[in-house]
Amino acid sequence: MKIEIFQVDAFTDKLFSGNPAAVCPLKDWLPDSTMQKIASENNLSETAFFIPEEDHYHIRWFTPATEVDLCGHATLATAHVIYCHLEQKKANLIQFNSKSGLLFVRKNGELITMNFPVAKLQKVEPPVEIVQAFRMKPIETWKADDYLILLDSQAAIQSASPDFNLLCSLKSRGVIITAKGDSVDFVSRFFAPGVGIDEDPVTGSAHTMLTPFWAQRLGKNEMTAKQLSRRGGTLFCRLLNDRVDISGKAVTYMTGIISVD
């Protein structure tokens with residue numbers, strides 16, 4: 001069996017930055033075990049698979065270790081593939097069905113805008129694993145699918161070097177650390193060693209938590225954000241009641257064919 005594959009750098013307009021994702025267009029679903037093996041072989045933070053369904057698509061995302069319910073950068077990468085490489089690119093609005101419900105994507109010039117549901121945050125006490133892993137007590141700790149940790153400065157975000165073994169023991173997908181930005185509205189980093197990703201370069205889904213979090217603190221609904229991983233990435237965020245627009249650019253790194261027996 002031959003499967004088309006694309007590798008796309010998301011949330012950037014320059015190769016070798018942003019967050020790389022693999023994208024595999026399918027006519028029908030492969031066995032879950034096969035998709036997981038492909039994702040493990042790719043060894044990227046996410047591999048997206050999608051199939052056509054009537055006038056929309058169904059999308060799924062796999063890390064090297066497990067399937068996840070939502071991934072922003074691989075959705076951005078998938079939309080980029082549809083817009084730039086597939087014959088279906090004529091439609092400006094793309095609708096994806098997913099484990100997180102309906103996701104909408106549209107193209108605005110060079111920007112691709114994803115419309116996702118807002119994550120519901122609950123304030124909690126920081127687990128001892130987080131305090132020990134980061135060797136500091138957060139200013140605030142919030143929880144949805146991930147933990148969101150507020151620190152006091154961009155410098156603290158940049159210098160963070162957590163103990164991944166401790167983070168693996170948390171009952172969550174990952175941990176977001178965030179602070180007010182020096183030159184943008186807010187900055188963040190994202191760690192998810194429990195699902196096979198020590199540090200994710202740029203995490204679109206984390207901004208379903210970060211956007212409402214910072215909108216309330218900054219008193220505005222449109223914000224620019226940077227994720228301060230080694231590769232780095234820029235996101236443009238807008239809060240829309242119970243949904244959020246997350247926009248970014250993407251560039252194709254590679255196209256190819258997978259041979260699967």
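Listed by position, the strands (runs of 3 or more DSSP E) enclosed by segment 6-68 that each have at least 1 residues that are touching a Gly at 6+ places or on another chain (Cβ under 7 Å) are 19-25.
Exactly one residue out of 23, 8, 81 is among the β-branched types (Val, Ile, Thr) and in contact with a His (Cβ under 6 Å, 6 or more places away or on another chain), and it is 8. Of the residues in segment 196-214, none is crowded, with 20+ Cβ neighbours inside 10 Å and either over 25 Å from residue 69 (Cβ atoms) or assigned by TED's automatic domain parsing to the domain that holds residue 47 (or both). Do we find that residue 17 is assigned by TED's automatic domain parsing to the domain that holds residue 112, of a type in the set (Gly, Ala, Ser), surrounded by fewer than 23 Cβ atoms within 10 Å (Cβ to Cβ) and within 19 Å of residue 207 (Cα to Cα) in this structure? Taking the combined requirement at face value, the residue satisfies it. Can you name every residue in segment 218-253 that is assigned to a loop (DSSP other than H, G, I, E, B) and hydroxyl-bearing (Ser, Thr, Tyr)? Within segment 218-253, 229 is the sole residue that qualifies. Please go through segment 164-177 and give me each residue that is more than 21 Å from residue 75 (Cβ to Cβ) and either touching a Ser or Thr at 6+ places or on another chain (Cβ under 9 Å) or assigned by TED's automatic domain parsing to the domain that holds residue 67 (or both), ordered by number. Scanning segment 164-177 gives a single hit, 177. Out of curiosity, is residue 119 part of a loop (DSSP other than H, G, I, E, B), crowded, with 19+ Cβ neighbours inside 10 Å and not charged (D, E, K, R)? So residue 119 passes the test.
The values are calculated or read from the model by the stated rules, or taken from the named source; none is laboratory data. In this text the structure is predicted, and so the values were computed from the model without any measurement. Backbone-built Cβ (ideal geometry, glycine too); neighbour counts: all protein chains shown.
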